[in-house]
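Asker: Can you keep this structure in mind? I'll have questions shortly.
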Amino acid sequence: MPTLRERKKARTREALVEAAQRLFSKQGYDSTTVDEIAAEAEVSRRTFFRYFPTKEAVVFPDNAERLERFRQLLRAVEPGESPFASVRRACLGIATELMESPHAYAEQQRLVVASPALIAHELESDREWEAAIAEALLRAGAISTSSINPDIQYRARILAGAAMGVVRATLRHWRDSGCSRDLRELAEDGLLMLEQGVGRTLFMKNTAA
C-alpha cells in the first residue's frame, strides 16, 4: 500500500499533468510556459522540475513507465516463442493499454503534430523503444548461438528499426482514424506482414553457419 508521502507525490504529479493539459488545450503547447503550468497547479517552478525534467516530458507523462512495461513484456519469453513473436506480443500488449485511453492519446498527438519540439521529443523516445526491441532480439540471438556476432547485431538493429516503422505507421493510421479503429488489430496485421516478409530471416544466416 502506498505511503502518505507517495500518495502526496502522486497527487502533485497528477495536478501538474492536468494543469498542463488545461493550458495546452486553451493556449497551445508552444505558448505555455513552465511557470504558468506550475502556477496553475499551485506549486513552484522548482517542484515542476522535480517531477518532469522538461516541458516536453509533461506531454508524455506515462512514457517511462510504459517503456519499462514494454521491456518486461519482451523479457517474458513464452515457451517455444520465436524472437519476433516476442516482439509482436509485447507491442500488442502496449496497443491494448493505449486503447484504454484513446482520447488522451488523440489529444497528445494533436499537440505533437503542431510542435517541432514535441516531434523531436517523440522521435527521441522512439529510439529508446527501438533499442529495447534490438536488445530483446540480441538476447534471443545469444541464446540460440551462444554468442553475439556482428551479423546478429546488424540484423537485430535492422529488424528493430523495421518494427518501429510499423509501430509508427500503425499509430499514425490509428490517430488519423480518430482512434476509432481497433489498434491491436491494426498492429497485429502490420507486424505479421513484417514477420512474414523479413522477420523470420533474422537468425537464418547465423544458424546455417
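Asker: Within the range 24-114, which GluC sites (Glu not before Pro) sit in a loop by DSSP and count at most 16 neighbouring Cβ atoms inside 10 Å?
Answerer: Those satisfying the criteria are 42, 81, 100.
Asker: Another question about this same structure. Compute the acute angle (0 to 90°) between the alpha-carbon long axis of helix 83-98 and the principal axis of greatest extent of the alpha-carbon atoms of the chain; round to the nearest 10°.
Answerer: 20 degrees
Asker: Could you go through the range 29-43 in sequence order and give the Karplus-derived ³J(HN,Hα) for each residue, using 6.51 cos²θ - 1.76 cosθ + 1.60 with θ = phi - 60°, rounded to whole Hz, and x for Gly and Pro?
Answerer: The phi angles translate into 5, 5, 8, 9, 9, 4, 4, 5, 5, 4, 5, 4, 8, 6, 9 Hz.
Asker: For a footprinting-style exposure proxy, rank 137, 67, 23 by other Cβ within 10 Å, fewest first.
Answerer: 67, 23, 137
Asker: In whole Hz, what ³J(HN,Hα) sequence does the range 65-82 give by Karplus (6.51, -1.76, 1.60; θ = phi - 60°), x for Gly and Pro?
Answerer: Whole-Hz 3J(HN,Hα) from phi for the range 65-82: 5, 5, 5, 5, 4, 4, 4, 5, 5, 5, 6, 7, 5, 7, x, x, 7, 6.
Asker: Local charge sum around residue 190 (other residues, Cβ-Cβ under 13 Å, Lys/Arg +1, Asp/Glu -1)?
Answerer: 0
Asker: Separate question: Where does each of 155, 184 land when they are ranked from fewest to most other beta-carbon atoms within 10 angstrom?
Answerer: Fewest to most other Cβ atoms nearby, the residues stand as 184, 155.
Asker: Here is a follow-up. Using the alpha-carbon centroid of each, what span in Å lies between the range 47-76 and the range 2-26?
Answerer: Between the Cα centre of the range 47-76 and that of the range 2-26, the gap is 14 Å.
Asker: Further, regarding this structure: Test of understanding: ordering 103, 173, 121 by Cβ neighbours within 10 Å, fewest first, what list do you get?
Answerer: 103, 173, 121
Asker: Of the listed values [x] 7, 25, 20, 11, 11, 12, 9, 4, 1; [y] 8, 29, 30, 20, 11, 2, 0; [z] 8, 33, 36, 19, 4, 0, identify the label whose number matches P(r) over Cα pairs in 10 Å bins from 0, in percent calculated from this model.
Answerer: It is the value labelled [y].
Asker: Using only helices, what value at 222 nm comes out for the chain when you add -39,500 (n - 2.57) per DSSP H run of length 4 or more and divide by the total residues, to the nearest 500 deg cm²/dmol?
Answerer: The per-residue figure over the chain is -25000 deg cm²/dmol.
Values quoted throughout were computed directly from the atomic coordinates according to the rules given, and no laboratory measurement underlies them. The shown structure was predicted, so the numbers you read here are calculated from the model rather than taken from an experiment. Glycine also receives a Cβ, built like all others from the backbone with ideal geometry; neighbour counts cover every protein chain displayed.
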